[in-house]
Amino acid sequence: KAGVTQTPRYLIKTRGQQVTLSCSPISGHRSVSWYQQTPGQGLQFLFEYFSETQRNKGNFPGRFSGRQFSNSRSEMNVSTLELGDSALYLCASSPVGTGYSYEQYFGPGTRLTVT
Amino acid sequence: AQSVAQPEDQVNVAEGNPLTVKCTYSVSGNPYLFWYVQYPNRGLQFLLKYITGDNLVKGSYGFEAEFNKSQTSFHLKKPSALVSDSALYFCAVRDHSGAGSYQLTFGKGTKLSVIP
């Protein structure tokens, strides 16, 4: 099975711009989560989608948003970029959405640099 | 609220020696515990998990972890370290008390360096 894929892998944007990142989960996985990873804050949970519905949201401003499509693919959008948004954005998928015991499988991440 | 602490930012171990990466957790109910590894410029790879049952869990690449409920710990171990084990290790917890959150909470990570 193909793993989680994320596009693009690298992105450079300017302050004030907006950006859209894409994630394709492992086939059959219906839950997709997004994380922001920075050296200072570590891994921080952004949001989780299951069956096109946002089920959980982390403590991030409204500039961060996401969605999930009927094929489970997900996108996240960051509007009005700030320098502090520079980070590795990781997407992870899980095989089921109603249990708590399943591990998440991560993609390689999108490295976003805001200048 | 759930939380994870990895008390060591960095662990250095000689190749061939046993290694331990420490993790303690806090949840209101019973925990599901996970270990992940991250190599440079890569995503996280799942190593192992504790759900229930035997307190010693075996995972990928020869790693194992010991769940200790009284000490709320879930330390990662390997009997003989390899240079290729050098990476960033993350412990994570999910509370399955039924509160409805499927969110995984991660520790800050521990950088493991295996010295040849």
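Derivation of every value follows stated rules applied to the coordinates shown; laboratory data play no part. These numbers were taken from a predicted model, which means no experiment stands behind them. Neighbour counts are summed over all protein chains in view; Cβ atoms, including those assigned to glycine, are modelled from backbone coordinates with ideal geometry.
Averaging Cα coordinates gives a centre for the range B:10-84 and one for the range A:29-86; these two points are 26 Å apart. For chain A, the antiparallel share of DSSP beta bridges with both residues in that region comes to about 90%. Over all other residues within a Cβ to Cβ distance under 12 Å of A:A92, the charged ones net out to -2, with Lys and Arg as +1 and Asp and Glu as -1. Look at the stretch B:36-45: the mean tally of other chain Cβ atoms within 10 Å of its residues' Cβ atoms is 5.
Taking every C-alpha pair closer than 8 Å and separated by at least 6 residues, the mean separation divided by the residue count of the range B:44-113 gives a relative contact order of 20 percent.
Highest mean first, the peptides B:68-79, B:26-37, A:17-28 sorted by other C-beta atoms within 10 Å per residue fall in the order B:26-37, A:17-28, B:68-79.
Electrostatic tally near A:S74: other residues with Cβ closer than 14 Å to its Cβ, Lys and Arg +1, Asp and Glu -1, net +2. Under the combined filter of DSSP loop state and at most 14 neighbouring Cβ atoms within 10 Å, the range A:53-107 retains these chymotrypsin sites (Phe, Trp or Tyr not before Pro): A:F69. Sites listed here are GluC sites (Glu not before Pro) in the range A:1-86 whose DSSP assignment is loop and whose Cβ has at most 15 other Cβ atoms within 10 Å: A:E52, A:E82. Across all Cα atoms of the protein assembly as shown, the radius of gyration (one decimal) and Dmax (whole number) stand at 17.6, 52 Å. Pairs exceeding a 25 Å alpha-carbon distance, out of A:K1/B:K58; B:K69/B:K108; B:K22/B:K49; A:K1/B:K78; B:K78/B:K111; B:K49/B:K108: A:K1/B:K78.
Here chain A is scanned for trypsin sites (Lys or Arg not before Pro) in DSSP loops (not H, G, I, E, B) that have at most 13 other Cβ atoms within 10 Å, and the longest stretch holding none of them is A:64-115. Bridgeable lysines around A:K13 (alpha carbons under 25 Å apart, same-chain partners fewer than 8 residues away excluded): A:K57. Shown in residue order for the range B:25-32 are the 3J(HN,Hα) couplings computed by the Karplus curve 6.51 cos²θ - 1.76 cosθ + 1.60 at θ = phi - 60°: 9, 9, 9, 7, x, 8, x, 9 Hz (x for Gly and Pro).
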